[in-house]
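Since the structure comes first, as structure tokens, the remarks are kept for the end.
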Amino acid sequence: MVSRSDELFVEDVVVPRWGRVVTAEGVVPFVVVGDDGEVLAPVAEFLRDFVARGNSAGSVRSYSFVLLRWWRWLRVVEVPWQRATSGEVRDLVLWLRQTSKPRNSARTASLATVGTVNAVTRKPYLNDRYAARTVRHNNAVLRSFYDDWIERGEGPLLNPVAQNRRGGRFPGAHWNPAEPFRDEKRLRYNPKVPRRFPRDVPDERWDELFAALRSDRDRAMLALAVSSAARAGELLGLRCCDIDWGDQLIRVVRKGTRAQQWIPASSEAFVWLRLVIAAHPTGHAGDSVWWTLRRRDRGGGLRAQPLSYDALRAVLRRVNDRLATNWTMHDLRHTCAIRMLRDARLSLRDIQVILGHAHLSTTQLYLDQDDHDVIHRVHEHLKTVRERPPATAAVSSPVGVGYDAADLAILFGQVPS
């Protein structure tokens with residue numbers, strides 16, 4: 001371990017894989033335990049309040065891993081969680097920005113592509129470093145954790161995840177009322193996030209991707225995604241009773257708000273969906289639409305069970321390996337949004353409703369043009385200019401059309417030759 005009284009070189013720190021996140025019975029679906037199997041009481045109490053505020057199980061799991069990482073770091077620097085300062089947060093951010101993420105197994109096939117850019121999709125492959133958004137999420141979780149304990153009258157006197165204020169002593173003094181108001185508060189050690197543009201799947205690439213699918217279930221899933229803009233998690237939660245065949249609508253539970261919403265999909269998607277329902281194991285109204293076959297743990301052949309997110313990722317991974325691409329389900333959501341944006345009959349408000357965005361400013365991100373689209377249009381412009389016939393030289397005429405030579409002689413003092 002490294003003592004805070006000693007010089008701390010973050011590039012030399014090795015954080016042990018102490019503790020783990022485990023599932024739990026009761027209202028809190030996940031808890032953090034130490035190597036001795038004991039639940040971390042401060043984290044458990046915070047997560048209990050976090051669940052009471054209506055947050056989903058996925059958010060509880062995400063927060064649990066962040067707090068486990070924080071506890072591992074505190075053990076390295078030998079600082080109790082109640083006495084943590086902004087120095088520990090700063091050093092953790094520095095360590096996260098230069099270290100590699102732990103892996104349960106070494107890379108094999110993906111070793112050749114990690115950190116590179118795909119030549120077909122022009123999308124970068126994931127690398128083994130923590131992204132800037134991950135570091136910002138880490139800081140936000142820690143800020144929320146300490147805010148909760150400070151409000152209880154326990155923990156440190158000041159939140160170790162400090163904030164900065166832009167604009168000097170009077171933030172917002174030069175704010176233009178014609179522009180949306182921006183909160184001037186910013187976490188001190190938040191790294192800058194590179195600007196990302198929504199990227200769609202071109203029509204010819206979509207045809208290749210769809211043709212590479214091997215089952216009606218996969219074709220129905222991707223056809224729904226590219227025509228309804230629903231997220232992968234929203235589609236995986238689809239039940240048989242969530243399909244309106246007459247109006248060609250599906251009912252999804254929105255991420256975050258957990259609100260139910262009916263959204264339209266294409267006729268082609270419903271054709272593939274009909275084939276999936278026809279092969280449904282039970283056909284009960286409350287059953288999941290998507291099923292897969294898995295072997296039983298102790299033999300006995302195959303067993304039908306609902307399709308999981310990991311199984312859906314495996315479907316795309318097999319297709320991407322075949323096409324040498326790295327498309328994701330979220331690319332299909334971007335594709336649907338950009339296609340709707342190019343339709344003059346749809347307003348930005350219409351697109352916001354279909355995407356399920358709470359704020360119109362989120363939908364406006366799709367107005368930003370990807371550099372590739374701009375380059376494509378400029379190439380088309382240059383091609384048009386190149387193919388345009390050269391202008392013929394005008395045949396000189398002694399007198400302009402419609403003018404009398406005598407009048408021009410009086411005006412200019414001579415007759416044009």
* To do: May I ask you to verify whether residue 178 is at pLDDT below 90, farther than 20 Å from residue 271 by Cα and of a type outside the set (D, E, K, R)?
  => yes
* Asked: In the range 20-43, what residues are under 27 Å from the mean Cα position of the chain (by Cα) and in a strand (DSSP E or B)?
  -> 20, 21, 22, 23, 30, 31, 32
* If residue 100 passes every condition in (1) loosely packed, with under 13 Cβ neighbours inside 10 Å; (2) within 30 Å of residue 254 (Cβ to Cβ); (3) touching an Asp or Glu at 6+ places or on another chain (Cβ under 6 Å) but one, which one does it miss? -> (2)
* Where residue 75 falls short, out of the listed (1) within 22 Å of the chain's Cα centre (by Cα); (2) modelled with pLDDT under 95; (3) of a type in the set (Lys, Arg) -> (1)
* To do: Sort through 120, 114, 141 and tell me the only one that's touching a helix residue (DSSP H, G or I) at 6+ places or on another chain (Cβ under 6 Å) and either in a loop (DSSP other than H, G, I, E, B) or β-branched (Val, Ile, Thr) (or both).
  => 141
* **Qualifying residues in the range 126-138 (those that are assigned to a loop (DSSP other than H, G, I, E, B) and within 14 Å of the chain's Cα centre (by Cα)) - the one nearest to residue 194 (Cα to Cα)** => 131
* Return yes when residue 288 is in contact (Cβ under 8 Å) with a residue 24 or more places away in the chain and of a type in the set (Ser, Thr, Tyr) and no when it is not. => yes
* Any idea which residue in the range 311-355 is surrounded by the fewest Cβ atoms within 10 Å (Cβ to Cβ), counting only those that are among the basic types (Lys, Arg) and in a helix (DSSP H, G or I)? -> 349
* Tell me which residues, restricted to the range 130-155, are over 20 Å from residue 60 (Cβ atoms), surrounded by 15 or more Cβ atoms within 10 Å (Cβ to Cβ) and at pLDDT 90 or above. => 130, 131, 132, 135
* To do: Search the range 44-58 for residues being of a type outside the set (Gly, Ala, Ser) and in a helix (DSSP H, G or I), and hand back the single one that is surrounded by the most Cβ atoms within 10 Å (Cβ to Cβ).
  => 47
* **Count - residues of the range 218-261 that are more than 18 Å from residue 328 (Cβ to Cβ) and of a type in the set (D, E, K, R)** => 7
* What number goes with the only condition from (1) in contact with a strand residue (DSSP E or B) (Cβ under 8 Å, 6 or more places away or on another chain); (2) crowded, with 20+ Cβ neighbours inside 10 Å that residue 40 does not pass? -> (2)
* Structure fact -> In the range 59-98, anything touching a residue at least 40 places away in the same chain (Cβ under 8 Å) and outside any helix (DSSP H, G or I) is listed as 78, 79, 84, 85, 97, 98
* Structure fact -> Expected single match for surrounded by 13 or more Cβ atoms within 10 Å (Cβ to Cβ) and farther than 19 Å from residue 189 by Cβ among 93, 31 is 31
* Among the residues of the range 144-157 satisfying the criterion of being without any contact (Cβ under 8 Å) to a residue 40 or more places away in the chain and outside any helix (DSSP H, G or I), which is nearest to residue 82 (Cα to Cα)? -> 157
* Would you check which residues across the range 99-111 are among the polar types (S, T, N, Q) and either assigned to a loop (DSSP other than H, G, I, E, B) or more than 24 Å from the chain's Cα centre (by Cα) (or both) and list them? => 99, 104, 105, 108
* To do: Would you mind telling me which numbered condition in (1) closer than 17 Å to residue 241 by Cα; (2) touching a residue at least 24 places away in the same chain (Cβ under 8 Å) residue 278 fails?
  => (2)
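The values are calculated or read from the model by the stated rules, or taken from the named source; none is laboratory data. In this text, all values refer to a predicted model and were calculated from it rather than measured experimentally. Because the Cβ atoms are built from the backbone with ideal geometry, glycine has one as well, and the counts that use them run over all protein chains shown.
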